[in-house]
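Just below is one structure, and these are the notes that go with it.
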Amino acid sequence: MKPKKLKNLIPQLSKELQLSEEEIKSVLDIYWDKVRKLLSSLDHNRVNLKGLGTFYIKPWSVDKRIRINDSLIDRYVESPTSSGLTIMNNLLKDNMKLKKVKEKEIESNKKREEKKYERRNQTLEGEGEDS
């Protein structure tokens, strides 16, 4: 996950800050690692970076991961082992987090649609008063 504008950004920052491109790349790598960790921790399903956009976990990837985890859990249920129980426990925890992310995304989509609906109604009401 690196924005397309990054290749233009590195030389520009290097000149402005009078640092080598390697130093700029190192700082940016740390920054993008932090963004990746925020998203992969599943505590934040969206990260907004001013000037770059909003990065989010795609709903289809959450659904896919839940399906994969469920099939792995089923496999361990059919033939349990001591190490399998630990793996199964971790998969169940991941699924709980993934389902929370999915719920957050559904809730955020509802709010976005409600705001869009309210704005549309306000616009229509404003046009009706002008007539």
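Matching residues to (1) free of Cβ contacts under 8 Å to residues at least 60 places away in the same chain; (2) hydroxyl-bearing (Ser, Thr, Tyr); (3) surrounded by 11 or more Cβ atoms within 10 Å (Cβ to Cβ):
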residue: 26; (1), (2), (3): yes, yes, yes
residue: 39; (1), (2), (3): yes, no, yes
residue: 45; (1), (2), (3): no, no, yes
residue: 59; (1), (2), (3): yes, no, yes
residue: 70; (1), (2), (3): yes, no, yes
residue: 75; (1), (2), (3): yes, no, yes
residue: 83; (1), (2), (3): yes, yes, no
residue: 86; (1), (2), (3): yes, yes, yes
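Tally time: how many residues in the range 75-131 are touching a Phe, Trp or Tyr at 6+ places or on another chain (Cβ under 7 Å) and within 27 Å of residue 45 (Cα to Cα)?
Residues in the range 75-131 being touching a Phe, Trp or Tyr at 6+ places or on another chain (Cβ under 7 Å) and within 27 Å of residue 45 (Cα to Cα): 2 in total.
With respect to residue 54, determine if the residue is exposed (fewer than 14 other Cβ atoms within 10 Å of the Cβ) and touching a strand residue (DSSP E or B) at 6+ places or on another chain (Cβ under 6 Å).
Yes, satisfied.
Residues of the range 37-82 being in a helix (DSSP H, G or I) and of a type in the set (Lys, Arg), which ones?
Selection gives 37, 64, 65, 67, 75.
For residue 115, are the conditions met, namely being within 19 Å of the chain's Cα centre (by Cα) and either of a type outside the set (Ser, Thr, Tyr) or not assigned by TED's automatic domain parsing to the domain that holds residue 11 (or both)?
Criteria not met by residue 115.
Being surrounded by 13 or more Cβ atoms within 10 Å (Cβ to Cβ) and part of a helix (DSSP H, G or I) narrows it down to one of 15, 34, 111, 102, so name that one.
Only one candidate passes the filter, namely 102.
The values are calculated or read from the model by the stated rules, or taken from the named source; none is laboratory data. Everything quoted here is computed from the prediction, not taken from an experiment. Reconstructed Cβ throughout: ideal geometry from the backbone, glycine too, with neighbour counts over all protein chains shown.
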